[in-house]
Amino acid sequence: MRRFSPEYLDRTRRGMWDDDRGALSPLRLSERDRVLDVGCGTGELTRVLAAETSPDATVLGTDADRELLRVAQAREHANDADTAPDAPPAPDDTHTDPDAGSGAPDDTAATPAYLAGDATRLPVADAAVDLVVCQALLINLPEPRAAIREFRCVSSDLVAAIEPNNADVGVSSTVDAEERLEREARTAYLDGVGTNVALGDRVRELFRREGIESVTTRRYYHEKRIEPPYSEQSVSAAARKASGAGLADHRAELEAALSPAEYDDLRSRWRSMGRDVVAAMRDREYERVEVVPFDVTVGRVGSA
């Protein structure tokens with residue numbers, strides 16, 4: 001299982017469902033009683049799920065990385081403090097009671113709780129929830145079918161996976177070299193990553209192999225746009241390009257596909273491109289759009 005920092009998850013996941021949640025409609029969230037978000041990270045999807053369920057639903061986020069869970073809990077506690085200053089703190093991340101909440105829910109949405117657990121050994125009983133969902137998890141597992149098999153065990157009804165096809169990511173930029181270098185780096189990353197990060201709509205076949213029925217897939221496009229006026233996060237991303245830090249996030253995967261000389265050459269050209277981006281931002285002339293296709297695959301647990 002690959003590990004990610006809270007900062008990386010913020011850059012790649014935060015705000016994903018802010019504008020359009022239509023692709024989540026097959027999950028029938030308003031009808032759910034108990035929802036489990038596996039590989040929840042810092043809780044970005046978990047909070048979206050909680051916002052779409054009824055106030056008395058139980059929404060749990062679980063992750064094997066306790067550092068990410070601490071961030072998720074801290075953010076949830078901060079949200080509770082904004083609306084209910086006297087609310088109790090979030091539960092310890094080893095809590096395994098599906099009935100436990102992380103604070104008093106308001107009258108519009110469920111309040112998520114978080115607990116530690118591996119995707120292939122989930123800390124809830126069989127059929128304990130009526131929806132298991134994950135986002136960008138299966139692409140990072142060496143054996144995604146093992147996780148899907150566990151999802152099927154702990155769900156009494158639906159299983160859903162929201163997985164990207166990283167081979168089909170599109171980037172357009174006013175800095176010409178950025179499109180070319182993004183494409184070059186992505187090709188090397190796909191060759192060196194070691195898991196199927198272009199899983200996308202192939203999840204439906206994995207579901208069927210594990211006895212999950214009535215499988216449907218809906219495509220969702222996550223668009224990340226940078227344009228004037230630039231956010232603090234956008235300025236930081238440009239600085240990371242110029243320093244080479246952005247490329248270094250995937251250094252292990254790139255070096256698995258490239259020779260040391262090839263990696264150094266790519267890094268040099270990447271940093272030069274980053275300096276062009278920073279210069280264009282100073283002149284308020286920089287624009288960039290990245291579109292990542294996600295496939296939302298949903299199925300029902302069979303009787304077998």
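The values are calculated or read from the model by the stated rules, or taken from the named source; none is laboratory data. Treat the numbers as computed from the prediction; the structure is a model and nothing was measured. No Cβ is skipped: glycine too gets one built from the backbone with ideal geometry, and neighbour counts run over all protein chains shown. Note: areas computed on protein heavy atoms with side chains; ligands, DNA, RNA excluded. Shrake-Rupley method; radii C 1.70, N 1.55, O 1.52, S 1.80 Å.
Among the GluC sites (Glu not before Pro) in the range 256-301, those placed in a DSSP loop whose Cβ has at most 12 other Cβ atoms within 10 Å are 285. Percent of accessible area on the chain owned by carbon and sulfur, 1.4 Å probe? Using a 1.4 Å probe with all protein chains present, the chain comes out at 45 percent carbon and sulfur. Each of 192, 212, 77 was placed along the dipole of the chain (beta-carbon charges, centred on the mean Cα), and the one lying farthest toward the positive end is 192. Principal axis analysis of the Cα atoms in the chain yields extents of 53, 48, 32 Å, listed in decreasing size. Residues whose amide H falls under 5 Å from that of residue 33, counting only those 5 or more places apart or on a different chain, are 130, with hydrogens built in the peptide plane. Looking at the chain, the accessible area is 46 square angstrom per residue; that uses a 1.4 Å probe and ignores ligands, DNA and RNA.
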